[in-house]
Structures are given as structure tokens and as C-alpha cells.
């Protein structure tokens, strides 16, 4: 019986943890953003405010299925969707600009 109670408590806590780990739909992490690339860093703006990342904060840049991921921490990346670019040359130009600063 105590084992059954332990399992129920474990499963409930696991469920609550997963539920609390999902970002808000229109919060800081998920939603429309304006990202500006400047000589001294990257400015990210959304309806809740803005944040400025110096180039030193950029740890890596990766591409996945055409989307560009600019990692500013191990678990945080600015995501530029492939649909943002009008052509491949525009994407390559941005990648070259970022590489020149990191």
C-alpha cells in the first residue's frame, strides 16, 4: 500500500512538473518577435519588452530544416524561421554577418 501511494504521488508530481515547464503561448519565449542585428549585438523585442544580447553572449549558430538558431545560452536560442528570408542569399548574408561577430 505505501508503495502504491508513493507511485501515485510520483506520477502526480511528474505531471505537474511537465505542465509547469511548458512556456506561455504568447509569453517571452514563444510568440512574435522583432530581432535586429546591430554592430554591438542583437536586440530582441516583443510585446512584453526588449532584451539586448552582446555578441559575447552568442555561443553558437546552427541551422535546422532551414531555420536559423542563434544560441545565447545552452538552452536558449533566438530562432529565425526559414520563411523570414526571401531567398538563400539573404540567409547566407545574415549567417556571414553573425559569424563575423562571434
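Coordinate-derived values only; no laboratory data. Because the structure is a prediction, the values reported are computed rather than measured. Neighbour counts run over all protein chains shown; Cβ positions are idealised from the backbone, glycine included.
Tabulated data
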{"item": "Two-site label geometry, residue 62 and residue 36: point separation in nm, points 7 Å out along Cα→Cβ", "result": "3.0 nm"}
{"item": "Matching label, Rg and Dmax of the Cα atoms in Å computed from the structure shown, candidates [x] 12.1, 38; [y] 13.0, 37; [z] 19.0, 65", "result": "[z]"}
{"item": "Rel. contact order, % - alpha carbon contacts under 8 angstrom, at least six apart, region 1-61", "result": "17 percent"}
{"item": "Relative contact order (percent, whole number), the chain, Cα cutoff 8 Å, 6+ residue spacing", "result": "12 percent"}
{"item": "Extension gain (nm, one decimal) between residue 25 and residue 79, 0.36 nm per residue minus Cα-Cα", "result": "17.9 nm"}
{"item": "Cα→Cβ-extended label distance, 7 Å offset, between residue 9 and residue 90, nm", "result": "5.6 nm"}
{"item": "Ranked list, fewest to most other Cβ atoms within 10 Å of each Cβ, for 101, 47", "result": "47, 101"}
